[in-house]
Amino acid sequence: MSGGPLIVQSDKTLLLEIDHPDAQACRMAIAPFAELERSPEHVHTYRLTPLGLWNARAAGHDAEGVVDSLIKYSRYPVPHALLVDVAETMDRYGRLQLANDPAHGLVLRALDRVVLVEVAKSKKLAGMLGNRIDDDTIAVHPSERGRLKQALLKLGWPAEDLAGYVDGEAHPIDLAEAGKDGRKPWTLRSYQREAVEAFWAGGSGVVVLPCGAGKTLVGAAAMAEAKATTLILVTNTVAGRQWKRELVARTSLTEDEIGEYSGERKEIRPVTIATYQVLTSRRGGAFTHLDLFNARDWGLVIYDEVHLLPAPIFRFTADLQARRRLGLTATLVREDGREGDVFSLIGPKRYDAPWKDIESQGWIAPAECVEVRVTLTDAERLAYATAEAEERYRMASTARTKLPVVRALVERHRDDQVLVIGGYIDQLHQLGEYLDAPIVQGSTTNKERERLFDEFRSGSLRTLVISKVGNFSIDLPEAAVAIQVSGTFGSRQEEAQRLGRVLRPKADGRQAHFYTVVSRDTIDTEYAAHRQRFLAEQGYAYTIVDADDVLGPKLPTVD
Amino acid sequence: MTTSLADHLRSLPDESLAALLQLRPDLVVPVPSDISALATRAQSRVSVARALDGLDQFTLQILDAARLTRDPADGTTSTDAVLALATAGPRPPAPTSVRGAVNRLRALFLLYGPEGALTVVASVDEVSPYPAGLGRPAAELDPRTAALCADPAKLRRTLLAAPPSARAILDRLAAGPPVGSVPPGALQAPAVGAEDTLPPDPVNGGAPTGSPVRWLVEHRLLVPVSGGKSGSTGTVELPREIGLLLRRDSGPLGPLRTSPPEVAATPREAKAVDSAGAGQTMEVVRHTEALLEQLAADPAPVLRSGGVGVRDLRRLARTGGLDEPTTALLIEVAYAAGLLGELELPGVTTTRYGADQQVLPSAGYEVWRAASLAQRWEQLARAWLTMTRQVGLVGQRDDRDRPITVLSAEAERAGAPGARRAVLGVLADLEPATAPTPDEVLELLDWRAPRRSRGREAAHREVLAEAAQLGVTGLGALTSYGRLLLADVTDGDARADDPLGLHAEADSEEPSTAVRALDALLPAPVDHFLVQADLTVVVPGPPDPTLAAELDAVAEPESAGGASVYRVTTASVRRALDAGYTADDLHALFRRRSRTPVPQGLTYVIDDVARKHGGLRAGSAGAYLRSDDEALLAEVFADRRLESLALRRLAPTVLATPYQVGRLLGALRDAGYAPVPEDASGAAVLSRPKARRAPARVSVATRTLDPLAAPRVPMPRLLGVVEQIRRGDAAARAARRAPAAVRGGPRSATGPTPVQGHSDALAVLQQAVRDRALVWVGYVDAHGATASRLVKPVSIGAGYLRAEDERTEMLHTFALHRITAAVLAD
């Protein structure tokens, strides 16, 4: 027994006790091959997955090293069977290689002939492989590179991709760290630097950083590293304009070099920002804007909010395997369970930082999460009890009883910028009237949105009611309080993104507040518990209070 | 020859005879009546086969040498002849090792007689028909082949002319065994017209001969021994002379290896081996417990044909997160350890499979569960070592192509414990922490006891895999505690030396050395946990039993292994409340056990669930008082003398007090009331259903003897046996010498008439009583058979003769009217 900080579980999770003196060293040792799954306050959970082990192999770690660090840091004896399994899994990587053959182009080469024979027979690879060149080599259609890699991964024989990346059309891009147009000088934060380095070393992949931690800058730094034309895919037009603003401010790029490719404008420039929406719009059943991918010889493709990547984009991405791809997200939790596809098509997770770590470094605002439980009136309870199953969540989450509670909360944070976020338009209108605040919703024009957001940023508008459109990619740095009244059922990433709206560090280092108002004893509570799971696993401790405490004279002040 | 072995044995001193019995203990089960019987048994096929089974490869080869060097005339050989043959090869073994092997064989009496005239025990030839893998001499097989062998030059020429395919066959047969089967029709001449398609054969004058075997037979290098002519599969044999010729390179006995093959084992760090093994033991115990719990919740029906069905196994494997072979192994081991048993279904005649028995944890499971981790593992590992089950057969198909199921009779193999001990013995004999490959282990086993290990390679590989799975080995090497356990189990057999059971007593009280060694490797139980904001509870180590029970009640298990992770959910809190916990209990539990501050969310969840729980107000009361007479209760409630009871009126007819019922009763009686205590059946009792258990079963580990292993008999007993045999021998020989007069059977014409005989006999006996002389007594026993016995008469009276049998030292009583004759012994 070494008394180490790590406990290896038989379901291949690793528990890291972070109060242990060796915890930091252990984390460095296991991070390359284990996925960080949960990071609550005392014990972090990592998981050994085949994918993670293969990524470690790809990054040059061998099974011996993995086994050594498991044994070295493990507090208890590690089961023999698990060690054997790790070694065997890692041994499967790289038996097949994707390589560029001078004569035949892209080929699949086997270091183990039996494996090649096995996979060549598989029906899943039908049509992806070309002619057999010799016993150990099979030609591959270049367009199938991504799909082939994905299929091989599913067969359990991941290929080592040695075919490299195209450089793309060169374009000078530099970070303007010295300050540009009279702005203050700035530097890339340490974790941003690490993220870019990890991404660049790996070639392609996903960087996971908390909301407000400056993912845009990671993208900008990656562009500065690539120094090539770049295609940036974002969720909506507003987010695209924020990217543009940020890039102009932080890099050597000028307005003219950055194009917007959206429903409104169709500009193709050395750096082009396109929305998922326009790319996936169809006319007559055909995707009409796919040419964008081939419009230039892109050297880098950046996927913002990769957890929202629509299914058609997955398919296009499979064709882009020769280009460097960078995925950015705060919450790689997809309610559709397609995290695996993100990893195999865009690339493995290259960097991940626990939210609380970034918070402790002061790069995101500390936040207090409070769940306020509202007791429904008897009439509401009766209506809820007799409602149809599919109506129940709506009934519970839009209960009128929530309105006074929301107002009490807004009152309490009179001096702060408050966002009220909801999922049901009717409820938002009620709230708008009740609180006398403007509403931003799907039908609000981009111009109107920009105006309201600007007012909010400047502080002339204190309270703003927003619908789901505000879930992502709106940069409202001074928002310090978010009140969530309803959402998309039990969506974990929505919860995290909404918290993200208030996490930008405040000028005066104030604490952020995140309230979620739920109806007691209804399905609303259950969904809330599920929604909070991601953040709870990131170490955000929810405090639960009763609505009476909010409404009543006694205030449950924590600070 | 039988007589000669018997005579030989008879002439031995007692110690030598006892030594033989010690080497071949099967000879004394049951104790032979005399030396002739012993000799017959020592030459029986079964006993000889058993003796050969225990011999290593080299000794067997030397025995083969002795057989090959037998003088055709009198069937004897000599040490020198054996030595000459054994050292005839290109790499001769040291003469001392040859002599050593010969001595071993002589000690076993597989060879006997003086060095110059050794005789091989007859049934050796029956047990292994081809000495050294060589065929019979050509002269015994076929005169034409004999003629070929008599002409060395021609033989050599023919051999050299053999086509490569034929030569390959020859080499294979020369390596032994010397017989091979040929497909039907292979020896027939090719069909007319088909000859052109066959390759030309220069030896045959250019004409093709067809199959290589046919070529060899045609050229008299092989002799067909049976069949092969038409439709049936035939057999061919390679004559001894040709075999010897082909073995020029390796020597007449084939390659000789005097010492076991070297193991180029990878040395491991002893600590790493123990650690990996210990990790595995934790897994095994945990998985076994999970499996048994699963069987307790949902017992598996026993199939009509015995065993547990494939579908149930699959279900258990899936829910347990294991693969099927591992699940099968753990179930078999748990059953062998007495943790599982069958239970008749109460009053049910048909179930899913028409079975009326179920497999579920037995009463012994409760005891096992309460033991420490190391003890639990030891109980499993011991059962595994001794169980006569070959689990690897599960999932395969039997002779009738039906799948072999877990716990079914088809997987029963009496040889399994022996195989385990042989394989682990190999590992135990190596340096600690050396990890040989399975192939090396098999090779070593093959050398040590070729007759025993041949054809059981698969079983031996299984043993290695199972040992790794159970944590007996780690990283391929035997763990320190595994070594201790193995030694302990092997010593268990030696307990026969301890007839009074002095040491066995001590063993059962204290944990064995293996348990102590393993205990030191395993983490100590933990009695606290860490609670986190996401409502997970982490026990950073194996929980002690009370903690585990508490957590099982209040949280859902999420992940297990070195530590356990639980999650508190509203459902689990509700379950805890249902099981009788109150919100305060839960708060107290978390405060007491948690090393970290209890998150507010958890506190809130507990309170929130408790608030809703059944819509009831929960409180605690020590006792209640009820009466249908409301006025009486009102009186009690108002009684000042009872103020100290702090009675509370719950309903007009019920009062409650926080104090225990005894105090309530006492106080009421003191105040002049007449309360009657109520038993618990009147009150709602929160309890969980009593777990059903099959009757207790005994672990096979308590059987100390491997059914196949040789029983070990201590020396004093052996000497006793020898004495008994000798006495029997003397009696038998004496019986042959009993005078005709008392022998019964058809009477000779000259013999005395029965009446005369009887009166003469009385006179002789009376004389003998006076002289205390030995007398042969002939008598008719209760079944009317005549028998004779050599006795020393003690007294005559009341119609009975009392006499002592010298051989058995027993006093016999003969009815005088049954005595037919009596003759003084010489």
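The table for this structure:
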{"read-out": "Residue-averaged [θ]222 nm for chain B, counting only DSSP H segments that reach four residues, each worth -39500 (n - 2.57)", "value": "-13500 deg cm²/dmol"}
{"read-out": "For the stretch A:190-359, the spread of Cα positions along each principal axis, largest first, Å", "value": "48, 38, 28"}
{"read-out": "Cα-Cα over 27 Å, subset of A:Lys154/A:Lys356; A:Lys72/A:Lys349; A:Lys356/A:Lys447; A:Lys266/A:Lys447; A:Lys402/A:Lys468; A:Lys356/A:Lys506", "value": "A:Lys154/A:Lys356; A:Lys356/A:Lys447"}
{"read-out": "Label zone at A:Asp19 (point 7 Å along Cα-to-Cβ), backbone N below 17 Å, the stretch B:518-545", "value": "B:526-541"}
{"read-out": "Structure-based [θ]222 nm, chain A - -39500 (n - 2.57) summed over DSSP H runs of at least 4, per residue, nearest 500", "value": "-11000 deg cm²/dmol"}
{"read-out": "Separation of the B:Ala147 and A:Asn100 label points, Cα + 7 Å toward Cβ, nm", "value": "8.0 nm"}
{"read-out": "Global form of the stretch B:505-638, assessed from the alpha-carbon gyration tensor, a/c cut-off 1.5", "value": "oblate"}
{"read-out": "Cβ-derived FRET efficiency at R0 56 Å, B:Thr437 paired with A:Asp454, nearest 0.05", "value": "0.15"}
{"read-out": "Per-residue Cβ neighbour rank within 10 angstrom, fewest leading, B:Trp377, A:Trp363", "value": "A:Trp363, B:Trp377"}
{"read-out": "Ordering of B:117-123, A:108-114, A:204-210 by packing [mean C-beta count within 10 Å, highest first]", "value": "A:204-210, B:117-123, A:108-114"}
{"read-out": "Among beta bridges that DSSP assigns inside chain B, antiparallel share in %, nearest 5", "value": "95 percent"}
{"read-out": "Neighbour-limited loop hits for GluC sites (Glu not before Pro), the stretch A:116-214 (at most 13 other Cβ within 10 Å; DSSP other than H, G, I, E, B)", "value": "A:Glu169"}
{"read-out": "Eligible aspartates and glutamates near B:Lys271 by straight Cα distance, threshold 19 Å, same-chain separation 8 or greater", "value": "A:Glu64, A:Asp68, B:Glu283, B:Asp429, B:Glu431, B:Asp519"}
{"read-out": "Residue mean of other protein chain beta carbons inside 10 Å, A:67-79", "value": "6"}
{"read-out": "Gap separating the Cα centres of the stretch B:269-284 and the stretch A:438-472, nearest whole Å", "value": "61 Å"}
{"read-out": "Label point distance in nm, A:Asp291-B:Ala117, each placed 7 Å from Cα along Cα→Cβ", "value": "11.3 nm"}
{"read-out": "Nearby lysines by direct alpha-carbon distance to B:Lys154 (threshold 30 angstrom, same-chain neighbours under 8 apart not counted)", "value": "B:Lys229"}
{"read-out": "DSSP-assigned coil residues among trypsin sites (Lys or Arg not before Pro) in the stretch B:542-619, each with at most 15 further Cβ atoms within 10 Å", "value": "B:Arg595, B:Arg617"}
{"read-out": "Longest segment of chain B lacking GluC sites (Glu not before Pro) that sit in a DSSP loop with at most 10 other Cβ atoms within 10 Å", "value": "B:263-808"}
{"read-out": "Ranked A:Lys227, A:Lys12, criterion: other C-beta atoms within 10 Å, fewest first", "value": "A:Lys227, A:Lys12"}
{"read-out": "Stretch gain in nm, segment A:Trp186-A:Asp352, where the contour uses 0.36 nm per residue and the Cα spacing is subtracted", "value": "57.5 nm"}
{"read-out": "Averaged over A:514-523, number of beta-carbon atoms from partner chains that fall within 10 Å", "value": "1"}
{"read-out": "Residue mean of other protein chain beta carbons inside 10 Å, B:273-282", "value": "6"}
{"read-out": "Extended-chain gain in nm, criterion 0.36 nm per residue less alpha-carbon gap, B:Ser4 and B:Val225", "value": "76.1 nm"}
{"read-out": "Efficiency of FRET between B:Ala651 and A:Arg338 - r from beta-carbon atoms, R0 60 angstrom, step 0.05", "value": "0.50"}
{"read-out": "Within the stretch B:306-349, backbone nitrogen closer than 17 Å to the virtual label 7 Å beyond the Cα of B:Ala571 toward Cβ", "value": "B:319"}
{"read-out": "Span from the the stretch B:238-253 Cα centroid across to the the stretch A:32-68 one, whole angstrom", "value": "61 Å"}
{"read-out": "Cβ crowding within 10 Å averaged over residues, with B:662-670, B:480-488, B:778-786 ranked highest first", "value": "B:480-488, B:662-670, B:778-786"}
{"read-out": "Overall form of chain B per C-alpha gyration tensor (a/c, 1.5; a/b vs b/c)", "value": "oblate"}
{"read-out": "Against the rule of thumb 2.2 N^0.38 Å, how large the Cα Rg of chain A comes out", "value": "1.03"}
{"read-out": "Coil-residue chymotrypsin sites (Phe, Trp or Tyr not before Pro) of the stretch B:533-634, DSSP, other Cβ within 10 Å capped at 10", "value": "none"}
{"read-out": "Hz values of 3J(HN,Hα) by residue in the stretch B:292-304 - Karplus curve (6.51, -1.76, 1.60), Gly and Pro given as x", "value": "5, 4, 5, 5, 5, 6, 9, x, 8, x, 8, 5, 4"}
{"read-out": "The protein assembly as shown - convex hull of the alpha-carbon atoms, volume per residue in Å³", "value": "318 Å³"}
{"read-out": "Rg over Rh, two decimals, the stretch B:267-518 (C-alpha only, Kirkwood Rh)", "value": "0.98"}
{"read-out": "Tensor-based shape of the stretch A:6-92 (alpha-carbon gyration tensor, a/c under 1.5 rounded, otherwise prolate or oblate)", "value": "prolate"}
{"read-out": "Residue order, fewest to most surrounding Cβ atoms within 10 angstrom, among B:Trp384, B:Trp368", "value": "B:Trp368, B:Trp384"}
{"read-out": "14 Å Cα-Cα reach of A:Lys227 towards aspartates and glutamates, excluding residues that sit fewer than 8 places from it in its own chain", "value": "A:Asp167, A:Glu169, A:Asp174, A:Glu257, A:Asp297"}
{"read-out": "FRET efficiency for A:Lys227 and A:Glu88, using Cβ-Cβ distance with R0 set to 60 Å, rounded to 0.05", "value": "0.90"}
{"read-out": "Percent of beta bridges antiparallel (DSSP, the protein assembly as shown, rounded to nearest 5)", "value": "60 percent"}
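Only the coordinates and a few stated rules stand behind these numbers; no lab work does. Just so you know, these numbers come straight off a predicted model, no measurement behind them. Here Cβ is always computed from backbone atoms with ideal geometry, including for glycine, and neighbour counts include all displayed protein chains.
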